[in-house]
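In what follows, a single structure is set out as structure tokens and then discussed.
The values are calculated or read from the model by the stated rules, or taken from the named source; none is laboratory data. Quick caveat: nothing in here was measured; it's all calculated off a predicted structure. Please note: Cβ atoms are built from the backbone with ideal geometry, for glycine as well, and neighbour counts cover all protein chains shown. These accessible areas exclude ligands, DNA and RNA; they are computed on the full protein's heavy atoms, side chains included. Shrake-Rupley method; radii C 1.70, N 1.55, O 1.52, S 1.80 Å.
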Amino acid sequence: MAGRILTLNVGSATLKFALFQGGQGGQGGQGGQGEQGEARVASGKIDWARDRADPAAALAGALQQLEPHGGTAGVTAVGHRIVHGGGAFERATRIDDAVLDELRRLAALDPDHLPAEIAVVEAVRARAPSLPQVACFDTAFHAALPRVARLLPIPRHYQAQGVRRYGFHGLSYQYLLEELERVAGSQVARGRVVLAHLGSGASLAAVHGGRCVDTTMGFTPNSGIPMGTRTGDLDPGVVVHLLRTEPMSVDALDDLLSRRSGLLGVSGSSGDMRDLLASEAGDPAASDAVALFVLAVRKAIGALAATIDGVDTLVFAGGIGENAPPVRARVCAGLVHLGVRIDDARNAASAAIVSADGSGCTVRVIHTDEEAIIARDTRRALRGTP
């Protein structure tokens, strides 16, 4: 198992891929080395529109980009990011016919992600039927959520149908927690930590004792704070009102809530925070979208802090969390009561630590790396290592 691992990360508009070489004896961290010595050889992405893309063609495009780096020569396994594992999968799992059947059954829980992810798994099978494949689940990190944090306030019998809170972005959170331990020590990583994965999809999680206590996303990745094009949590009465007042199919409603709302819906122009920050001074709608996002993140941090009795460490990650100093500054400006104080110069430079010396809460910026976790957990799954 010292060969190469190919990782495939299917998103709503891109197929991200990376090639890792094992057996390098590296340490965890941002330098491309995973815990088990996974050295990144190459990475990239294929842009695709999920509703009209050919998964086999997207895979072929990824493999073509890897040709200068040896292509699939020496690849011993493929690891996939699978967004939703339902209640059936709580760790990385080798994909066989039974696992694929279960993923197809779970597709109803996450029609925005699972069908495309399954299609890419099948495309790999068609190319290399004997190549081992492993599913790495975003929900696995949250498998040990306290019972009350899993509950939804609807009739109890729906739980038997899998309708409960799951949590997502788990691969990113796992990486962030391990990286936090590497750079700050186990005592810090096992303290009261809030992780903020802020990108086009965004969520936050509260971790204490190295375990997830609560998170903002619930039954689907549509929930929680407002995102690039997703509503986040929404008064259910709004959905009922729309169904009553507009002739709208289920698919049309899903399109509205998943692809035409969030920052895009509020601004009317873009779901990309970079565009909104660039135009907010002269565009009140863009300014509203930024302000709504900042307020939602700030409120989420406060709520999560209540679940772990305060915050020792706040970590920003993801495209917005890592690269938008104004957003970090505005979020943190309302968290002084939690001991958060930002150093403006450090924040402007997106330094590893952006909080001021002597702050009660250390605020960090960590570049997340889901692919490194996929590669590491794929190798572990094939070895039978927990």
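One table, with the values for the structure above:
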| quantity | calculated |
| --- | --- |
| Per-residue SASA entry for Lys16, accessible area with 1.4 Å probe, Å² rounded to 10 | 90 |
| Beta bridge orientation in the chain: antiparallel %, DSSP, nearest 5 | 60 |
| GluC sites (Glu not before Pro) restricted to segment 165-259 and DSSP loop, no more than 15 other C-beta within 10 Å | none |
| Cα-only radius of gyration and Dmax that characterise the chain, units Å | 20.5, 61 |
| Net charge contributed by nearby residues that have their C-beta within less than 12 Å of Val83 (K/R +1, D/E -1) | -4 |
| Expected 222 nm ellipticity per residue - DSSP helices of 4 or more, -39500 (n - 2.57), all of the chain, to 500 | -11500 deg cm²/dmol |
| Protein accessible area in the chain, 1.4 Å probe - carbon and sulfur % | 51 |
| Relative contact order of segment 258-372, defined on C-alpha pairs under 8 angstrom at six or more residues apart (%) | 20 |
| Pair Asp97, Leu152: separation of 7 Å Cα→Cβ label points (nm) | 3.3 |
| Segment Ala285-Asp233, length gained on full extension (0.36 nm per residue, minus Cα span) | 16.7 nm |
| Cα-centre dipole for the chain with unit charges at Cβ (Lys and Arg positive, Asp and Glu negative), debye to 20 | 780 |
| At 1.306 mPa s and 10 °C, Stokes diffusion of segment 149-307 via Kirkwood alpha-carbon radius, µm² per second | 93 |
| Cα-Cα separations in segment 299-354 greater than 12 Å, expressed as whole percent | 66 |
| Segment 222-280: radius of gyration and largest Cα-Cα distance (Dmax), Å | 12.3, 38 |
| Accessible area (Å², 1.4 Å probe, nearest 10) - Val99 | 10 |
| The chain, relative contact order [Cα under 8 Å, separation at least 6], % | 16 |
| The chain: DSSP helices with Cα axial extent of at least 24 Å and average Kyte-Doolittle hydropathy no lower than -0.5 | 284-307 |
| Cα convex hull of segment 120-192 - mean projected area over all directions, nm² | 7.9 |
| Cα-based Rg of segment 129-171 normalised by 2.2 N^0.38 Å, two decimals | 1.54 |
| Selection from Gln65, Asn9, Gly228, by position along the positive dipole direction of the chain (Cβ) | Asn9 |
| Rounded to whole Å, sorted largest first: equivalent-ellipsoid semi-axes of segment 251-346, Cα gyration tensor | 26, 18, 11 |
| Mean Cβ count within 10 Å, highest first, over the residues of peptides 237-246, 338-347, 255-264 | 255-264, 338-347, 237-246 |
| FRET efficiency, 1/(1 + (r/R0)^6) with R0 45 Å, evaluated for Arg244 and Thr385 via beta carbons | 0.25 |
| Extension reserve of the Leu253-Arg274 stretch, reckoned as 0.36 nm per residue once the Cα distance is removed | 4.8 nm |
| Net charge of neighbours whose Cβ lies under 13 Å from the Cβ of Ala252, counting Lys and Arg as +1 and Asp and Glu as -1 | -2 |
